[in-house]
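Notes follow the structure.
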């Protein structure tokens, strides 16, 4: 789940949608614990999924580099 941090007076607040509040079973005035975590590194699978989510216009053009000629062949099976 993602939540947006927004300015609230001189401080900041975490803003949740009504759907997220219902899903988490939260109510106004309730105290919650926020656990910070290190930023997750984006993987190739994440980038491909985002590209697919954005649609075909965000898919890069395929480049034909010609036939394999040697050391660039990787066998990982």
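Out of the residues in the stretch 35-63 meeting the condition of being over 19 Å from the mean Cα position of the chain (by Cα) and part of a loop (DSSP other than H, G, I, E, B), tell me which one is farthest from residue 1 (Cα to Cα). Only one residue tops the list, namely 63.
Of the residues making up the stretch 25-77, those that are more than 30 Å from residue 13 (Cα to Cα) and surrounded by 10 or more Cβ atoms within 10 Å (Cβ to Cβ) are 48, 51, 52, 58, 59.
Readers should treat all values here as calculations from the given coordinates under stated rules, not as data from a laboratory. Note that the coordinates shown come from a computational prediction; the quantities given were computed from them, not determined experimentally. Note: ideal-geometry Cβ built from the backbone for every residue, glycine included; neighbour counts use all protein chains shown.
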